[in-house]
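These notes are about the structure you will find just below.
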Amino acid sequence: MAPTHSDEPVSDHEGPSWVELEAQLSCADGAAAAAHLAAGRPIYYRDEQPPHPLLRKWPDGRREVVSVDDDGVVTVLGQVGP
């Protein structure tokens, strides 16, 4: 699915603001991530350490640095850890 574009200001959109969304995410307990891993699906997250790469973690514990283009295509840039 291609991303959509809107010329409307973000404040005109319904739903939580970025500040509210970040606050909700910072309180996450990891249950959703654990459920995805338990179901055999990878999770994606940003590393907390600069330069904050996008990481993909597999159910078997493997971690990869990845990039995702505008079409949603994931490219593996490297492996993390042993």
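For region 48-70, name all the residues that are part of a loop (DSSP other than H, G, I, E, B) and touching a Lys or Arg at 6+ places or on another chain (Cβ under 8 Å).
Hits for region 48-70 are H52, P53, P59.
Which is loosely packed, with under 10 Cβ neighbours inside 10 Å, farther than 25 Å from G81 by Cβ and at pLDDT 65 or above, of D12, D60, D70?
Values: D12 fails: at pLDDT 65 or above; D60 fails: farther than 25 Å from G81 by Cβ.
After ruling out the rest, the residue left standing is D70.
Between a first residue in region 34-50 that is surrounded by 11 or more Cβ atoms within 10 Å (Cβ to Cβ) and a second residue that is of a type in the set (G, A, S) and at pLDDT below 90, which pairs have beta carbons less than 8 Å apart while being 6 or more apart in sequence or on different chains?
As it stands, the answer is I43/A33; Y45/A33, since those pairs meet every condition given.
Starting from region 51-72, keep only residues that are in contact (Cβ under 8 Å) with a residue 12 or more places away in the chain and farther than 20 Å from G40 by Cβ, then list their pairs with residues that are among the hydroxyl-bearing types (S, T, Y) and assigned to a strand (DSSP E or B) whose Cβ atoms are within a distance under 6 Å, requiring at least 6 positions of separation or different chains.
These pairs meet every condition: S67/T75.
The values are calculated or read from the model by the stated rules, or taken from the named source; none is laboratory data. These numbers come from a predicted model, not from an experiment. With ideal geometry, Cβ positions are generated from the backbone for all residues, glycine too; neighbour counts draw on all protein chains shown.
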